[in-house]
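Here's the structure, in structure tokens; my notes come after.
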Amino acid sequence: MDPMGAERIPRQVSRRLIPDNADEPLIALIRRKFSRGRPGVTHEYGPWWVVRDQHGRVVGGVRVGEVGVDHPPALDVAVDEHHRRLGYATALYEALSSSGIDVEAASAASLAHRSMTLAGYMFMVGRRSKIDLDAGMKIAATADVCPSCGVCD
Ligand SMILES: [Zn+2]
């Protein structure tokens with residue numbers, strides 16, 4: 001994570017972000033639950049999606065949490081710190097999207113409901129900036145709006 005980048009995060013966004021869970025890092029939980037397997041993204045079962053490197057080692061995953069009927073799910077994403085910026089989170093999101101999950105609505109809901117980490121926001125803004133140069137500004141302008149619930153406190 002680029003600390004200078006973090007300082008440029010708009011206040012409307014930073015006030016909604018939460019710290020990573022230091023007690024139970026999601027990547028550690030995923031590695032305990034899942035072993036070597038087929039490289040790439042697999043939907044293991046239920047809420048669990050895992051991504052493995054070319055040697056079949058677990059390097060990341062997503063837990064998809066159902067929030068409610070007609071509400072975007074909560075996506076808890078983890079990628080091992082030594083395997084960041086290699087496209088693993090992008091591969092996970094593409095697989096989720098292909099399965100019918102609206103990952104952009106889920107990200108917007110997560111930010112609005114204050115369940116997004118700094119890493120999650122950096123992934124969100126990086127992803128959207130590839131197709132929209134004003135993505136950072138637009139995310140900040142609607143940081144408190146859940147696509148399902150509307151404006152959040
Ligand atoms: Zn909502």
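List of remarks:
- Approximate spin-label separation VAL69-GLU44, in nm, with each point projected 7 Å along Cα-to-Cβ: 3.1
- Total formal charge among the other residues, if their Cβ is under 13 angstrom from that of VAL103, Lys/Arg +1 and Asp/Glu -1: -2
- Here each label is just a point 7 Å from Cα along the line to Cβ, and for PHE34 and ASP53 those points are 1.6 nm apart.
- Highest to lowest packing among 96-105, 49-58, scored as the average C-beta count within 10 Å: 49-58, 96-105
- Charge sum, other residues only, whose C-beta stays under 12 Å from TYR88's C-beta, Lys/Arg counted +1 and Asp/Glu -1: 0
- In the chain, Cα pairs under 8 Å separated by at least six residues give a relative contact order of 24 percent.
- When each of CYS152, CYS146 is scored by the number of other beta-carbon atoms lying within 10 Å, the sequence from fewest to most is CYS152, CYS146.
Each value in this text was obtained by applying a stated rule to the coordinates, not by laboratory testing. From a predicted model like this one, the values you see are computed outputs, not experimental measurements. Glycine gets a Cβ as well: all are built from the backbone with ideal geometry, and neighbour counts include every protein chain shown.
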